[in-house]
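Chemist: After the structure tokens below, expect a handful of questions from me.
The values are calculated or read from the model by the stated rules, or taken from the named source; none is laboratory data. Keep in mind the model is a prediction, meaning the values are calculated, not measured. With ideal geometry, Cβ positions are generated from the backbone for all residues, glycine too; neighbour counts draw on all protein chains shown. Heavy atoms of the whole protein, side chains included, go into the accessibility calculation; ligands, DNA and RNA do not. Shrake-Rupley method; radii C 1.70, N 1.55, O 1.52, S 1.80 Å.
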Amino acid sequence: MIRILEKQVADKIAAGEVVDRPLSVVKELVENSIDSGADNIVCEIKNGGKSYIRVTDNGCGIPSDEVGVAFARHATSKIFTDSDLESIRTLGFRGEALASICAVSNVEMLTKTKNEKPGTRTILRGGDTVESAYCGCPDGTTVVVTDLFYNTPARMKFMKADNTESSLIIDFISRMAIAYPHVKVRLISNGNILFSTNGRGDLYNTVMTVYGKSVGSELLPVDLETDYASVRGYVSAPSASKTNRKYQIFFVNGRSVQSKVIEKGLSEAYSDRLFEGRYPVAFLFLQITPDKLDVNIHPNKREVRFDDEAFVRELTAAAVRNALNVRSAIPQIRAESVSKAYFASDAPVEYKGLRDTEGDDGRFSAVGSIREEQVDLNILLSTMREESQKNDAASALSDAFSEEKQTSAMPFRFEDLRPTGSIFASYITAVDDDSFYLIDQHAAHERIFFERLLAEFKSAEKHSQPCLLPMLKDVTHALAERSEDWIGALEAMGYEIEPFGQNTFAVKAVPMFMEPDEAESFIRMFLDNMDERTDFSDYGMLERIITKACKSAVKANDTLREEEINALLAQLAACQNPYSCPHGRPTFIRLRKYEIEKMFKRV
Ligand code: ADP
Ligand code: MG
């Protein structure tokens, strides 16, 4: 027999689609608060939301004569006609949330608009209005949901432990808080305030308030804009990486999403800075013209589909590389860590302190190289250069936020650097008006060598110098078989090589910019790092071999003369990423004058 279901049964079934755990209640209520134009939202839960959920906002409220209908299914103030569906600007529009929530719980709502004197208090049980009366209350809306799923035992059983349910809610509210930095968001769980943002619109501050304890204070600003899209937000310095992706949080056009494409772009940017199994922290906000997004995605789903995935991946990677390639990524020595090490040890302070800092908190971290070569989008590149200037300003800003109240940070410029000498035949010392610097000669030289080599590789014209005596190189039989491949690669760098007997080759000329002994050890390491499986058409693979070979090619430490120091610094200044060697070790370490004064207890 076919029957129309009773309203209560139909409502419960419909509710199941919208509300399946405490998180969904919180999500619907908080989204309603955002839609109401509120700039102050409090969310309180008890027992992971199972026994109690309260969301209070200072938004527009609901007029008393509309409260009843707000709880009806398909009741919404957000759209009127089907054409409105094309241009939805609110988070909700289906008019199902309140109806679904009250079908499976007890709900109390207090609400008042600005124009009404008294507000309205309404109590519903399992969807039926039990009480509704005028009542004094502030502008805005409070919804309290208790005894969730009391009348749907199957759902009730499906709920997980309090901790599991509350962590989902905390994660959601955290994301909302940073997606809406102009809204004050407070989260309370079992009577404890977990966080409370200030709503002043500053993203960095909001991120720190919500995630500060877990992500540390060393975040670098990301800010890249092209015609169709922009990426903004913050990423961690490589030293602050994590063992999982928990702190990789992405938003696309304001909506919190999960995206493998953005994840990949992010990983690419850190590829030569982080070991396998380490993940950067990232809070990234993508804005992209809606026609480049697949809009047919369910509003409750967290996935997002891009028309052009490669574009989004490369945009993300370029934006993040850009962020990592700024002065604030130069590792810093800080007074507090030095004195900590001093007090913790009996050893003399001078040297130990510095070394301890390294083991202590990993501040001497890899900064890594910018690998612009691999980003094919020319538009991106030119924007990146313009942006890097802006970025400097932004990083100066984030410095100013760092926990110590510092004197205003000076932007670093190579022109201002004045070399003062070198120490241990290994490190150049230099100052500008703001800081003292140590520059690792070997790392700097490697960086210069690496970038020159890649430039030579890509340029049409090769610059070679003939060898006085040809160098003879023996290779394995397998390599001799495919000599065309690797000779081709080496000739692209400026070498000239000819066969000389069965498995022997004669190097007749070497790249112009290399010293003869550098050219010798480079080619030796290059051949050593190659095997039968090496694919020379794979640029990434080739670059990895070059990176390895550079390391040993660059000559050993030496006390440099003044002209040599100046030349090295000038060459470093011309690099695309002067702040790290190709393997990701830093070339610079900075000690601010202010920190020195602090160590001497002058400030
Ligand atoms: P939807 O959000 O899809 O419109 P809901 O069931 O969530 O549907 O809410 C129904 C209506 O109740 C909303 O359209 C809105 O007019 C009103 N409403 C709900 N929550 C609030 C709130 N916190 N502040 C103001 N109005 C609200
Ligand atoms: Mg809603």
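Chemist: Suppose we filter 81, 90, 76 for residues that are touching a residue at least 40 places away in the same chain (Cβ under 8 Å), open to solvent by 20 Å² or more (accessible area, probe 1.4 Å) and among the β-branched types (Val, Ile, Thr); which single one remains?
Modeler: Values: 81 fails: touching a residue at least 40 places away in the same chain (Cβ under 8 Å); 76 fails: touching a residue at least 40 places away in the same chain (Cβ under 8 Å).
Result of the check over 81, 90, 76: 90.
Chemist: Give just the number: which of (1) within 16 Å of ligand 2 (Cβ to nearest atom); (2) under 30 Å from residue 6 (Cα atoms) does residue 156 not satisfy?
Modeler: (1)
Chemist: Any residue at all in segment 155-176 that is among the aromatic types (Phe, Trp, Tyr) and either over 16 Å from residue 33 (Cα atoms) or touching a Pro at 6+ places or on another chain (Cβ under 8 Å) (or both)? Please lay out each step first, then the result.
Modeler: Going residue by residue through segment 155-176, those that are among the aromatic types (Phe, Trp, Tyr) are 158, 172.
This time we only want the ones that are either over 16 Å from residue 33 (Cα atoms) or touching a Pro at 6+ places or on another chain (Cβ under 8 Å) (or both), so: 158.
Within segment 155-176, one or more residues are among the aromatic types (Phe, Trp, Tyr) and either over 16 Å from residue 33 (Cα atoms) or touching a Pro at 6+ places or on another chain (Cβ under 8 Å) (or both).
Chemist: With the condition kept exactly as written, say whether any residue in segment 441-454 is in a helix (DSSP H, G or I), of a type in the set (A, V, I, L, M, F, W, C) and more than 30 Å from residue 592 (Cα to Cα). So that I can check it myself, show each step before the final result.
Modeler: Filtering segment 441-454 for residues in a helix (DSSP H, G or I) gives 441-454.
Okay, now just the ones that are also of a type in the set (A, V, I, L, M, F, W, C), so 443-444, 448-450, 453-454.
Adding the requirement that they be more than 30 Å from residue 592 (Cα to Cα) leaves 453-454.
Yes; the residues of segment 441-454 include at least one that is in a helix (DSSP H, G or I), of a type in the set (A, V, I, L, M, F, W, C) and more than 30 Å from residue 592 (Cα to Cα).
Chemist: Can you pull out every residue in segment 265-290 that is in a helix (DSSP H, G or I) and either buried (at least 20 other Cβ atoms within 10 Å of the Cβ) or modelled with pLDDT of 95 or more (or both)?
Modeler: 265, 266, 269
Chemist: Do the conditions hold for residue 232, that is, is it at pLDDT 95 or above, farther than 24 Å from residue 36 by Cβ, open to solvent by 30 Å² or more (accessible area, probe 1.4 Å) and not hydrophobic (A, V, I, L, M, F, W, C)?
Modeler: On the way: at pLDDT 95 or above: yes; farther than 24 Å from residue 36 by Cβ: yes; open to solvent by 30 Å² or more (accessible area, probe 1.4 Å): yes; not hydrophobic (A, V, I, L, M, F, W, C): yes.
The answer is yes for residue 232.
Chemist: Could you please tell me which pairs satisfy a Cβ distance under 7 Å, a separation of 6+ or placement on different chains, a first residue in segment 127-148 that is of a type in the set (A, V, I, L, M, F, W, C) and more than 15 Å from ligand 1 (Cβ to nearest atom), and a second residue that is part of a loop (DSSP other than H, G, I, E, B) and open to solvent by less than 30 Å² (accessible area, probe 1.4 Å)?
Modeler: Note: pairs meeting the criteria are 148/104; 148/105.
The rows are residues; the columns are (1) more than 16 Å from residue 24 (Cα to Cα); (2) open to solvent by less than 60 Å² (accessible area, probe 1.4 Å).
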position	(1), (2)
151	yes, yes
156	no, no
159	no, yes
165	no, yes
177	yes, yes
191	yes, yes
227	yes, no
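Chemist: Next question. Within the set of pairs 6+ apart or on separate chains, which have a first residue in segment 25-49 that is within 15 Å of ligand 2 (Cβ to nearest atom), a second that is part of a helix (DSSP H, G or I) and of a type outside the set (A, V, I, L, M, F, W, C), and C-beta atoms under 7 Å apart?
Modeler: Hits for this filter: 25/49; 26/49; 41/33.
Chemist: Additional query: Restricting to helices (runs of 4 or more DSSP H) lying wholly in segment 1-84: which have 2 or more residues that are within 13 Å of ligand 1 (Cβ to nearest atom) and at pLDDT 95 or above?
Modeler: Answer list for segment 1-84: 22-35.
Chemist: Looking at segment 241-258, can you tell me whether even one residue there is open to solvent by 60 Å² or more (accessible area, probe 1.4 Å) and either part of a helix (DSSP H, G or I) or modelled with pLDDT of 90 or more (or both)?
Modeler: Among the residues of segment 241-258, not one is open to solvent by 60 Å² or more (accessible area, probe 1.4 Å) and either part of a helix (DSSP H, G or I) or modelled with pLDDT of 90 or more (or both), which makes the answer no.
Chemist: Just checking, does segment 103-126 include any residue being surrounded by fewer than 22 Cβ atoms within 10 Å (Cβ to Cβ), away from ligand 1 (no atom under 12 Å from the Cβ), touching a residue at least 24 places away in the same chain (Cβ under 8 Å) and of a type in the set (Asp, Glu)?
Modeler: Looking through segment 103-126, at least one residue is surrounded by fewer than 22 Cβ atoms within 10 Å (Cβ to Cβ), away from ligand 1 (no atom under 12 Å from the Cβ), touching a residue at least 24 places away in the same chain (Cβ under 8 Å) and of a type in the set (Asp, Glu).
Chemist: Return the residue satisfying two criteria in turn: it lies in segment 1-22 and is open to solvent by 40 Å² or more (accessible area, probe 1.4 Å) and in contact with a Ser or Thr (Cβ under 9 Å, 6 or more places away or on another chain), and of such residues it is farthest from ligand 2 (Cβ to nearest atom).
Modeler: Looking only at segment 1-22, we keep the residues that are open to solvent by 40 Å² or more (accessible area, probe 1.4 Å), and these are 1-9, 12-13, 17, 20-21.
If we keep only those that are in contact with a Ser or Thr (Cβ under 9 Å, 6 or more places away or on another chain) too, we end up with 12, 17.
Values: 12: 19, 17: 14 Å.
Among those that are open to solvent by 40 Å² or more (accessible area, probe 1.4 Å) and in contact with a Ser or Thr (Cβ under 9 Å, 6 or more places away or on another chain), it is 12.
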